[in-house]
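Undergrad: Sharing a structure below in C-alpha cells format, with a few things to ask.
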Amino acid sequence: MPTARNLEWKEIHYADSTIVDLHAHPSLKVSLFNRMLTSRFRASRSFDPFSVRTDFPKLRQGGLDVLLSTVYAPEKGILDECRLLRILRYLMPFKWKKVYSRTYFDVAIDMLDVMEKAVEKSGKGRTGKPLVKMAFSVRELDDILSQGDDRPIAVIHSVEGAHSLDGNLDNLKRLFDRGVAYLTLAHFYENEAVHPCFPYPESVQMLGCFQGDRDLTLGLKEFGEQVIEKMVELGMILDITHCTPPARKRIYDIVGNRLPIIASHVGAYEVNPNPYNLQDWEVKRIADTGGVVAVIFMNYWLMPHETKRGLNFIARTIKHFVNVGGIDHVAIGSDFDGFTDPPDDLKDASELPKLTQRLVAEGYNREQIVKIWGGNAPRVLREGWRKKRHCCATGNECLG
C-alpha cells in the first residue's frame with residue numbers, strides 16, 4: 001500500500017511540477033544516427049554514443065513537460081584531436097558529407113529541421129492531441145502548458161556553440177527567427193566568439209585522442225561582444241556554459257542586468273574545483289540577472305573523484321546552488337544524449353522521478369521542488385526570450 005511519503009513525491013513530480021530539462025541532445029541522435037524518437041531505446045549505464053536517453057517514451061515516463069532540445073553542429077576540431085575518427089568518412093560516407101562538407105550554420109539549420117520532423121512524427125494521444133509539440137515562442141509554450149494533464153511535451157530549440165554562426169551576426173537573427181531560445185557561446189573548441197574550457201574527461205582520452213590543452217587565460221573576443229549585444233537586442237537568452245572563467249566574467253560585465261543569463265548544464269566549483277564549474281560569486285551574479293544555474297547529470301563535472309553513482313552529487317550540487325544563489329535560481333540541465341556518461345542511478349529521462357524522491361527525502365518542501373524542476377526555468381524563458389511569433393524558414397510569419 002502506498003505510504004504518505006510515496007504519494008507525496010508522486011504528486012509533486014507528476015501533478016504539481018512543470019518538469020523542465022534545460023539542456024539535452026535528442027537532435028544529435030536523430031541527425032547523426034537516424035534514431036526514431038518514437039521508439040524506446042536502450043540506455044546504457046556506461047558511455048555509449050549510440051545510446052538514446054531522451055526518446056519520447058522515456059520523456060513521458062519521466063514526466064517531462066518541457067525539453068530544451070540542443071542542436072550541436074560537430075566541430076572539425078574533433079577530427080584534428082582524434083584522427084582515428086576519420087575512418088567514419090568511409091563507414092558513414094553520406095552522413096560524413098552532410099556534417100563535414102558544409103558550413104556549421106547549414107548543419108545547424110538542417111538539425112533544427114530534422115528535430116522538427118521527429119516531433120511531427122510523435123503521434124497523438126487518446127484525446128487527439130499531439131504527444132510532443134514544438135514551441136517556437138513564449139506564447140506557444142504557454143499555450144501548451146495551459147492544456148491540462150494530457151498536454152503535449154513542449155520542445156524548444158537551443159543551439160550549442162557560436163561556431164554555428166560562422167562568424168556572421170545575421171545568422172544569429174536567423175536562428176532567433178527559427179525559434180531558438182538560447183545560444184551557448186562556447187563548446188569544445190575556440191570559435192569566432194570565445195575560448196572554451198578543456199572539455200574531455202580522462203575516460204575518453206584514449207589512443208592519443210582528445211588530449212589537447214586549452215588556454216584558460218583567454219576569454220571573449222570582439223565578435224563575441226557583438227554577439228552578446230545582438231542577443232540582448234533580440235531577446236535571446238545567453239548561456240555561459242563551456243566558456244573560460246575570464247570569458248564568463250567579461251560576459252557578466254557586458255550584460256549587467258539587461259538580460260537573464262543561464263548556465264544550462266554545470267556543476268559547482270566548491271563541490272568539484274574544475275574551471276568548467278561555476279564559483280560562488282558567479283552563481284550570485286547570474287542570480288542577480290534573474291537567470292538560473294542548471295545542474296548537469298554527468299559525474300565527471302559533479303564530483304572531484306568520479307564514481308558510477310551520481311545522484312548524491314546531483315543533490316549536493318543543487319543544495320550548494322540553492323544556498324548560494326537562492327531557490328529561485330536553480331534548475332536542471334541533464335545534458336542527456338550529449339555524448340556524456342550520466343550517473344548509473346539516473347541514466348535517462350525515464351528516471352527523473354528519482355531526483356524528486358531524493359529532494360523530498362532531503363527535506364525540500366513542495367514549493368521548493370516545484371521551483372527547481374520547473375518554476376524557475378519557465379520564468380527565465382518568459383523574461384529573457386522575447387520571441388512573440390514564429391517565423392518560417394522563408395522569413396514569413398507563420399501561425400502561432
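Undergrad: Note down all Cβ pairs under 7 Å where the first residue falls in region 336-352 and is farther than 15 Å from L302 by Cβ and surrounded by fewer than 21 Cβ atoms within 10 Å (Cβ to Cβ), the second is at pLDDT below 95 and not aromatic (F, W, Y), and they're at least six residues apart or on different chains.
TA: Correct list of pairs: F339/P49.
Undergrad: I've got another one for you. Could you look through region 69-83, keep only residues that are among the acidic types (D, E) and more than 21 Å from the chain's Cα centre (by Cα), and pick out the one that is surrounded by the fewest Cβ atoms within 10 Å (Cβ to Cβ)?
TA: Taking the candidates together, the pick is D80.
Undergrad: Here is a follow-up. Within region 251-265, identify whether any single residue is touching a Ser or Thr at 6+ places or on another chain (Cβ under 7 Å), in a helix (DSSP H, G or I), modelled with pLDDT of 95 or more and of a type in the set (A, V, I, L, M, F, W, C), and answer yes or no.
TA: yes
Undergrad: OK, next. Quick one: which of F33, F47 is of a type in the set (A, V, I, L, M, F, W, C), at pLDDT below 90, surrounded by fewer than 18 Cβ atoms within 10 Å (Cβ to Cβ) and in contact with a Ser or Thr (Cβ under 7 Å, 6 or more places away or on another chain)?
TA: F47
Undergrad: Quick test of your reading of the structure: S27 fulfils all but one of (1) assigned to a loop (DSSP other than H, G, I, E, B); (2) at pLDDT 95 or above. Name the failing condition by number.
TA: So S27 meets the others, but not (1).
Undergrad: Of the residues R126, R174, R102, R86, which is modelled with pLDDT under 95, assigned to a helix (DSSP H, G or I) and over 19 Å from the mean Cα position of the chain (by Cα)?
TA: Exactly one residue qualifies, and that residue is R86.
Undergrad: Looking at this structure, is F297 buried (at least 18 other Cβ atoms within 10 Å of the Cβ), aromatic (F, W, Y), under 16 Å from the mean Cα position of the chain (by Cα) and under 19 Å from I372 (Cα atoms)?
TA: yes
Undergrad: Right, K387: touching a helix residue (DSSP H, G or I) at 6+ places or on another chain (Cβ under 7 Å), under 25 Å from G235 (Cβ atoms) and modelled with pLDDT under 95 or not?
TA: Yes.
The values are calculated or read from the model by the stated rules, or taken from the named source; none is laboratory data. Remember, predicted model here, so these are calculated numbers, not experimental data. Using ideal geometry, Cβ is built from the backbone for each residue, glycine included, and neighbour counts are taken over all protein chains shown.
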